[in-house]
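Okay, so here's the structure we're looking at.
The values are calculated or read from the model by the stated rules, or taken from the named source; none is laboratory data. This structure is a prediction, so every number in the text was calculated from the model and none was measured. Note: ideal-geometry Cβ built from the backbone for every residue, glycine included; neighbour counts use all protein chains shown. Side chains are part of the model used for accessible areas, which takes the heavy atoms of the whole protein and leaves out ligands, DNA and RNA. Shrake-Rupley method; radii C 1.70, N 1.55, O 1.52, S 1.80 Å.
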Amino acid sequence: MWAPIEVVASTGSTNADLLARAGRDAGLPEGQVLVAEEQTAGRGRLGRSWSSEPGASLTFSVLLRPEPVPPERRGWLTLVTGVAVVSAVRSVAGVDAVLKWPNDVLVGERKLAGILAEQAPDGTAVVIGTGLNVATPPEALPVSPSGLPATSLLAEDAAVSREELLLAILGQLEAWYLAFRADPDPVRAGVLDAYRSLCGTLGQAVRVELPAGHVVTGVAAGIDLDGRLLLTADSGESLAPVSAGDVVHVRPGPPAT
């Protein structure tokens, strides 16, 4: 489904670039892939900034047109991308990466990659950006804006080519996305089970910092059909599903298997 991959030396944000193109051309087909050797104004979740060292990261965005997917299920697009990234990292790099809900990619409690989805104003296009630390040396790794220490594949003793990793991610994403677009039921499409199997948040005691500044704590008990995080209080009571927020693992647990 992918158009020829476009690579640029430097840009502010690959997400912003593809969103602008979709806005100028309503007929731009899905499957556009834009890769940047360097991003100078990359964006992360919750309005955070993200930058990349030239040549050391894999930073790219893809354009999707998920017309058959109802609005309440489109949150799954970032989760599906997370499944694709973690699956590719495991197969290509041999690194036991996991997902922190909703779409941070961790090795242990160190952040390897982040994913951000943005929808065009008219709702016809979704751009999903991924930033993954590949060859950043340990001494050059920043602390994530969320407070998590960062890592890279190099820091995890995995030497891989960015080209091979990109192709593996796109292959995984194509398979999962097309299955979900054809049947946007996460159970029938298999994405719910796939996400659960790779999610290191489930079973953890967590603190969730909500966008409005509120904080909720509990045990991450599951993921519902809309991709929301289900929490259980210490009393065993089910709490309101969380659709957006910053999750902190209070007690790091074993990685998903």
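Only protein atoms count toward the accessible area here, which uses a 1.4 Å probe; on the stretch 194-234, the carbon and sulfur part of that area reaches 52 percent. When nucleic acids and ligands are ignored and a 1.4 Å probe is applied, residue 111 ends up with an accessible area of around 40 Å².
Reported value for the chain: 120 Å³ per residue, from the convex hull of its C-alpha atoms. Ranking 214, 56, 180 by how far each Cα lies toward the positive end of the dipole of the chain (charges on Cβ) leaves 214 at the top.
Close amide H partners of residue 125, meaning residues 5 or more places away or on another chain with modelled amide H under 5 Å apart, are 120. Listed values for the stretch 171-181 are Karplus-derived 3J(HN,Hα) couplings in whole Hz (6.51 cos²θ - 1.76 cosθ + 1.60, θ = phi - 60°), namely x, 5, 5, 4, 5, 6, 5, 5, 5, 6, 5, and x replaces Gly and Pro.
Phi angles of the stretch 14-30 translate, via the Karplus equation with coefficients 6.51, -1.76, 1.60 and θ = phi - 60°, into HN-Hα couplings of 5, 4, 4, 5, 5, 4, 5, 5, 5, x, 7, 9, 5, x, 4, x, 5 Hz per residue; Gly and Pro are given as x. Per residue, the convex hull spanned by the Cα atoms of the stretch 109-179 amounts to 122 cubic angstrom. Heavy atoms of the protein chains alone define the surface here; on that basis the stretch 1-157 has 39 Å² accessible area per residue at 1.4 Å probe size.
For the stretch 67-109, what does the relative contact order come out to in percent, with C-alpha contacts under 8 Å and a separation of six or more?
31
When the Cα positions of 27, 87, 197 are compared along the charge dipole of the chain, 197 comes out farthest toward the positive end, with charges on each C-beta of Lys, Arg, Asp and Glu. Rounded, prolate or oblate: which fits the stretch 131-257 when a ≥ b ≥ c are the square roots of the eigenvalues of the alpha-carbon gyration tensor, with rounded for a/c under 1.5 and prolate only if a/b beats b/c? Oblate is the answer for the stretch 131-257, as a/c is 1.5 or above yet b/c matches or exceeds a/b. DSSP beta bridges confined to the chain are antiparallel in about 90 percent of cases.
Counting alpha carbon pairs within less than 8 Å and at least 6 residues apart, what relative contact order, in whole percent, applies to the chain? Relative contact order here is 17 percent.
Taking the convex hull of the alpha carbon positions in the stretch 1-121 and averaging its projected area over all directions gives 8.2 nm². For the stretch 165-257, the per residue solvent-accessible surface stands at 48 Å², with DNA, RNA and ligands left out and a 1.4 Å probe. In this label model, residue 214 and residue 159 are separated by 5.1 nm, measuring between points 7 Å along each Cα→Cβ vector. Taking a ≥ b ≥ c as the square roots of the eigenvalues of the Cα gyration tensor, an a/c ratio of 1.5 or more together with a/b no larger than b/c marks the stretch 150-214 as oblate. When only alpha carbons are used to place a centre, the stretch 178-249 and the stretch 63-86 end up 15 Å from one another.
With a 1.4 Å probe and every protein chain kept in, tell me what percent of the accessible surface of the stretch 115-185 is carbon plus sulfur.
Percent of accessible area from carbon and sulfur atoms in the stretch 115-185: 56.
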